[in-house]
Amino acid sequence: MEARKFLSNCYKDCCRICLLKLPKTVLLYNIFEDHLRERILDFSFINLLEGRDLPKFICQKCIKKLDAAEEFKQQIEITENILKQHKKTKKRKPYPRL
Ligand SMILES: [Zn+2]
């Protein structure tokens with residue numbers, strides 16, 4: 001019952017991602033602004049919907065995790081591209097000697 005009460009009041013001042021109650025003194029980031037929702041969707045494939053009774057803020061800790069996740073994804077893509085290029089150049093046969 002307590003959890004139910006917490007969740008029903010959570011939409012006002014909780015982080016949408018971790019459900020941490022955000023103090024009023026903390027700078028709040030609206031998840032539906034500045035492409036934050038799209039950034040989350042880009043790697044999690046979870047389409048966060050806007051709703052009157054759903055939290056719309058994201059905390060600083062979760063934004064840092066989002067940044068780290070994007071950096072990790074970029075690292076994987078960069079490494080994969082390097083390995084693919086290496087494989088392509090390795091497969092090429094050298095010019096025949098005259
Ligand atoms: Zn959070």
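The values are calculated or read from the model by the stated rules, or taken from the named source; none is laboratory data. Quick caveat: nothing in here was measured; it's all calculated off a predicted structure. All Cβ positions, glycine included, derive from the backbone under ideal geometry; neighbour counts span all protein chains shown.
Test Tyr29 against the stated conditions and say whether it is within 13 Å of the ligand (Cβ to nearest atom) and among the aromatic types (Phe, Trp, Tyr). Yes: the conditions hold for Tyr29. Where helices (runs of 4 or more DSSP H) fall entirely within the chain, those with at least 2 residues that are in contact (Cβ under 8 Å) with a residue 40 or more places away in the chain and under 18 Å from the mean Cα position of the chain (by Cα) are at 60-91. Taken over segment 1-31, the criterion of being modelled with pLDDT under 90 and of a type in the set (Val, Ile, Thr) is satisfied by Thr25, Val26. Just one of the listed residues (Ile58, Ile46) is hydrophobic (A, V, I, L, M, F, W, C) and within 14 Å of the ligand (Cβ to nearest atom), namely Ile58.
Report, by residue number, each residue of segment 1-26 that is β-branched (Val, Ile, Thr) and within 14 Å of the ligand (Cβ to nearest atom).
Matches in segment 1-26: Ile17, Val26.
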